[in-house]
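Since the structure comes first, as structure tokens, the remarks are kept for the end.
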Amino acid sequence: MDAPTENSAPLTPAVLHILLALAAGERHGYAIMQQIRQFTGVLFTIGPGTLYRSIKQMLEQGLIAEAEMRADPALDDERRRYYKLTGKGERTLRAELARLDALLRIARAHGLMGDA
Amino acid sequence: MRGQSPLARFCAAAYRVLLHLYPPRFRREYGAEMAQLFADLSRDADQRNGTTGVLALFVRAVFDTLQNSIGEWLTIMRKHWGKTLLTLTGLAALGGVWLFMFLWMIVYSSIFLVPWDATFTRPPEGTLAQLANDFFDGPGMSILSFVVLAVNATLFARAVRAGAETTTLPWKFAIAGVVFVAGSFALVTLGIQLGAFVWPFPVGRSDPGFHRSLFPGLMCLVSFVLYLKLLSRFARQGRLSHDNLTLDGAIPYKTTSENGR
């Protein structure tokens, strides 16, 4: 069961977006940022520092794992480190999304979303 | 770096230099990837918005680097509180030097300057000695004392705040901070009173040393009150408990399965 409990804590926006970006598959840093841009446009941007500090933190917490180093044929011949979601990361993401969904339902019930 | 403008290449090189603000271990682990990522982003910005885009990206990257490098250093300090303790002790020693300088000025002003003033002959007009005399005998002393006090209090407050966020001994540092500021105020007051007692001022002559010392003394009191307010705010936020501290001050991640166990 992935529904958040009262002890669940919100993820930071950067961590949430990175988890979402990795939910579709393995990605390197630049691809993660491209995916986030695709999700949010210019509404949410993170810098390289925020991205890699979050990655370091998520690796330590077991939310993501390093995949193999390989070149991205769409970019250049440079080898890049890929990251992938772990089982724990996926559970955390689902719990967070369920929490946000519950919040949205409350907001809709109070007519705050304009489509209640 | 294919198809990059000279500006984009320059910004990428400058960003690699900026990466040295991060702790060495973090830089070794992620520096190359971050530099590569910035080069990719600057190429994109160049293609989309030209020079403006690259410059805007670089400015954002500077702030991003400053914010995250400080955060990463704090993370390391939190994990290695023994080294942090040494650092904070060094900071406290530095604060002590500032305190000494501050007290020296106050004592100099309130005790030694007054009897000297009584027989002091004003230097000739227009000389450097006369300018220096006017500065130290006028509001310059108060301003200088205040600046030293402000730097001193800020330095120590930051050290205490860093201690509260990065070590397992937050309360000891917090108490040390209160004692430090309160002690400063007490010593200043005591010094002024002692000076007036040992060297009474000539009849009919005002006490310039006391007036010069009054302003920094009051500032010391104000900083003490502000410091107490800071501690109170930290206590309300629960930031003085090490158990509540995690990266970036965020609450630790917990999955449902972990919570359930």
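The values are calculated or read from the model by the stated rules, or taken from the named source; none is laboratory data. Worth saying up front: this structure is predicted, and the values here are computed from it rather than measured. Neighbour counts are summed over all protein chains in view; Cβ atoms, including those assigned to glycine, are modelled from backbone coordinates with ideal geometry. What goes into the accessible areas is simple: the full protein's heavy atoms, side chains included, and nothing from ligands, DNA or RNA. Shrake-Rupley method; radii C 1.70, N 1.55, O 1.52, S 1.80 Å.
At a glance:
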{"item": "Matching residues in segment A:46-61 - criterion: being of a type in the set (Val, Ile, Thr) and either at the interface with chain B (Cβ under 7 Å from one of its Cβ atoms) or not in a loop (DSSP other than H, G, I, E, B) (or both)", "result": "A:Thr50, A:Ile55"}
{"item": "Segment A:1-20, subset farther than 13 Å from A:Arg94 by Cα, more than 8 Å from chain B (Cβ to nearest Cβ) and modelled with pLDDT of 50 or more, residue surrounded by the most Cβ atoms within 10 Å (Cβ to Cβ)", "result": "A:Ile18"}
{"item": "Any chance A:Thr45 is of a type in the set (S, T, N, Q), at pLDDT 90 or above, within 24 Å of B:Gln67 (Cα to Cα) and open to solvent by 30 Å² or more (accessible area, probe 1.4 Å)", "result": "no"}
